[in-house]
1. Taking a virtual spin label 7 Å from the Cα of K240 along the C-beta vector, which residues in segment 258-291 bring their backbone nitrogen under 20 Å of it?
2. Can you give the FRET efficiency for C395 and D215, using 1/(1 + (r/R0)^6), R0 = 41 Å, r = Cβ-Cβ distance, to the nearest 0.05?
3. Per q in 0.15, 0.25 1/Å, what log10 I(q)/I(0) does a Debye calculation on the alpha-carbon atoms of segment 1-93 return?
4. Testing the spin-label approximation: label points 7 Å from Cα along Cα→Cβ at D69 and T292. State their distance in nm.
5. For a quick protection proxy, order the peptides 44-51, 187-194 by their average other-Cβ count within 10 Å, most packed first.
6. Assuming a viscosity of 1.002 mPa s and a temperature of 20 °C, what translational diffusion coefficient in µm² per second does Stokes-Einstein assign to segment 66-121, Rh being the Kirkwood radius over Cα pairs?
7. With respect to the cross-link table entries K149/K351; K93/K170; K51/K86; K126/K149; K106/K252, which display a Cα-Cα separation exceeding 21 Å?
8. Based on Cβ point charges of +1 for Lys and Arg and -1 for Asp and Glu, what charge dipole magnitude is obtained for segment 4-186 about its Cα centre, in debye rounded to the nearest 20?
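Read-outs throughout are calculated quantities, based only on the coordinates presented, and are distinct from any laboratory measurement. It should be emphasised that the depicted structure is a prediction, and the values quoted were computed from it without experimental measurement. Reconstructed Cβ throughout: ideal geometry from the backbone, glycine too, with neighbour counts over all protein chains shown.
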Amino acid sequence: MNSELDLVKRQFGHRARLALSPAQIRAMDDQAHAARTMWNCLHAWWQMMPKEKRSVAAADAAIRQARKDIDFLAVLPAQGAQAVLKTYFQSWKNCWDGRAEEPNFKGRSRSVMSVDIPQGRDLQIKRVHRRWGMVNIPKIGRVRFRWTKDLPLGKQADSDNRITGARLVKDGLGWHIAFRITTLDHAPEPHSGPEVGIDMGVNIPMALSDGNHHDHGRLPRLPDGTCDRDKWLNPDEKAKLLRLEQRAAHRKTFRKPKEKTSRRLHRTYDQIRALRAKATRRSIDWQHKTTTTLAEQYSVIVVEDLHITNMTKSAKGTVENPGKNVKQKSGLNRSSLQEAWGRTLTMLTYKTARQGGALVKVPAPHTSQRCSACGFLAPGSRETQALFVCKNPDCGWTGNADHNGARNVLHLYRIGHVAIPAAGRAVVRRTRGVNPATAR
Ligand SMILES: [Zn+2]
């Protein structure tokens, strides 16, 4: 029997694709541009104001005035404008707490198009078909969305189980809605499975310490040894992407300075974006499936505490201190970014917690050079990308280099090497141009 004490509050998001008409898409785009402009105005206002006059109330008054004075800002619903204000202040808090960099202006091309609907009751969701639901979007109207998950609605909804809001986000495949859901679930039993160390690499995306590995079957490198940045696309799609990129480059040569981008070029850009979005969805799908399997199977998952942003930033170095092996490293970085370790770790964090397990990070320098059998550390032990040969004459252990790393990581956890439990909400570094508070 479960008492009330066994219940835990859970907050999560659910993303669904919206079916919008072309006119509605244009209206949504206008709202998103207005939201971005609102952010930029707010940022300009913040920088202009003396410190003692920067308050939420003053900013709120400025926003209200701006919505009255500027027509194209008024297309953004008042609630959406309030949400921009809230996320802007939150992003400063994130900066002051050391979780993120300072908020900045949002450029047209490098920021994600999004609009917030901060109140769940505005949505008035209804299921109309096995596969479709209807949702109310302020200033747009009733819109259909794909129903792929049962949402807490009607009789199932109460103060503990409900939709608290939503966010509309556009990617290469069009507009999506991300619902914010709060539920009260039964606390999981402690997980009784084995412990495992994971080494995340380029050749094998995930090598486990027990000799297993998870592979997505996509070759990381092209035949000439360079990293394959489009590995999630099949050969036909790759050929199409190449054709589109060549076409875009060709069309661009006809554009005179200060001339508007032609509709044809825009269309080509959209096609490229759609292909890239498809690749991203495939990689996310693989990550979800893999992390779910891992969280179900193992009680404790140990990973190396990598500072991904530092690692990828450092290749080029500075003018005074130029980096070494810039080309090789930046190739590694690109594929590291593509494997999206940060996202994998975020998924593992909440999935292990839901299964009663835990994700643990160990600070682990030299995991790839240390022998997991005897602990001997020598720079040349990793003979090739795949093969590890111990240089200790008494040991001579050989094995797969990635499994060696995974065994090292697990060993460090077992001897109690400063383990930082990664429980709770993970702090994730977002890509440039996406605000941490807005990117959920
Ligand atoms: Zn050894």
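1. 264-286
2. Details: r = 28 Å, r/R0 = 0.69.
E(calc), rounded to 0.05, equals 0.90.
3. The calculated log intensity ratios at q = 0.15, 0.25 Å⁻¹ are -0.70, -1.29.
4. Computed distance between label sites D69 and T292 equals 5.1 nm.
5. Values: 44-51: 10.8, 187-194: 12.2.
Ranking the peptides 44-51, 187-194 by packing returns 187-194, 44-51.
6. Numbers: Rh = 13.0 Å.
Result for D is 165 µm²/s.
7. On the way: K149/K351 18 Å; K93/K170 26 Å; K51/K86 18 Å; K126/K149 13 Å; K106/K252 24 Å.
Over 21 Å Cα-Cα: K93/K170; K106/K252.
8. Numbers: 33 positive and 18 negative charges, 131 e Å.
The calculated dipole for segment 4-186 is roughly 620 debye.
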